[in-house]
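Okay, structure first, notes after.
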Amino acid sequence: MIRLLVGLGNPGSEYEDTRHNAGFWWIDGLARGLGTSLQLDRNYHGLVARVNNAPSAPGPIWLLEPMTYMNVSGKSVAALARFFKIAPEEILAIHDELDLPPGEMKFKQGGGTGGHNGLKDMQAQLGSGNFWRLRLGIGHPGHKAEVANFVLRKPPLAERQAVEDCIAKSYEALPLMLAGDMAKALTKIHAKPPRPKPPKPPKADATPPSSPSPSTPETTP
């Protein structure tokens, strides 16, 4: 089950709406939905909220936005996880993903970091990469040299909306994650929307039109 939900991003108003802060967008939306707010806690180097009544959770959960900047995210995550004895497999990291287009997301446990500095530091500080990841697609600029500037820019409105749509959909799986039913959560997140059914062809008239009877020619006596 998930006990700690970590959104990865950078602190400060200049980064607030940039692609790299998709994890913060996710946590902010969840906090609003749960009727809570995050408060700065210097012990954990981040904004933290404890939620005691989350749907399907058997106990309290924590929401966290590290205020350490992306490259040192693990410092914040490890401090909170160790204090509350939260194992790596009970942690969900929500982050931006270059290898997925806006409007797509993936949910998985463990694996590589894909060059994401926030994930790299989490793995180093926790001593394990066995935490869960929710990867929110932001697209790729096309060239590796452009990545740093790309993730630190604001996306166009249509792309931001596509990410927000994914965030809204992912919340539907949250009760399953908190209850520990990770297989069902994965299926729900990865489910494709149903294809629209093609319109039914018009019904053919079962009774063909009757052909007129041949007229009887008149005869003259």
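The values are calculated or read from the model by the stated rules, or taken from the named source; none is laboratory data. Predicted model only: the values in this text are computed from it and were never measured. Every residue, glycine as well, gets a Cβ built from its backbone with ideal geometry; the counts of neighbours run over all protein chains shown.
Odds and ends about this structure:
- Residue-level check: of (1) in contact (Cβ under 8 Å) with a residue 12 or more places away in the chain; (2) under 30 Å from residue 56 (Cα atoms), residue 184 misses just (1).
- When residues of region 95-123 are limited to those that are within 17 Å of residue 70 (Cβ to Cβ) and touching a helix residue (DSSP H, G or I) at 6+ places or on another chain (Cβ under 6 Å), the one surrounded by the most Cβ atoms within 10 Å (Cβ to Cβ): 122
- The residue that is modelled with the highest pLDDT, counting only those in region 148-163 that are among the hydrophobic types (A, V, I, L, M, F, W, C) and over 19 Å from residue 104 (Cα atoms), is 152.
- Residue count, region 132-177 (criterion: over 16 Å from the mean Cα position of the chain (by Cα) and in a helix (DSSP H, G or I)): 10
- Count of region 138-166 residues which are farther than 13 Å from residue 18 by Cα and touching a strand residue (DSSP E or B) at 6+ places or on another chain (Cβ under 7 Å): 1
- Residues (in a helix (DSSP H, G or I) and in contact with a strand residue (DSSP E or B) (Cβ under 7 Å, 6 or more places away or on another chain)) located in region 23-57: 23, 24, 26, 27, 30, 31, 34
For every residue, the table says whether it meets (1) buried (at least 18 other Cβ atoms within 10 Å of the Cβ); (2) in contact (Cβ under 8 Å) with a residue 60 or more places away in the chain.
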{"position": "3", "(1), (2)": "yes, yes"}
{"position": "7", "(1), (2)": "yes, yes"}
{"position": "17", "(1), (2)": "no, yes"}
{"position": "20", "(1), (2)": "yes, yes"}
{"position": "24", "(1), (2)": "yes, no"}
{"position": "31", "(1), (2)": "yes, no"}
{"position": "35", "(1), (2)": "no, no"}
{"position": "43", "(1), (2)": "no, no"}
{"position": "55", "(1), (2)": "no, yes"}
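- Test result for residue 90, farther than 17 Å from residue 107 by Cβ and not aliphatic (A, V, I, L, M): no
- Within region 17-55, tally of residues that are of a type in the set (D, E, K, R), over 18 Å from residue 116 (Cα atoms) and in contact with a Lys or Arg (Cβ under 9 Å, 6 or more places away or on another chain): 1
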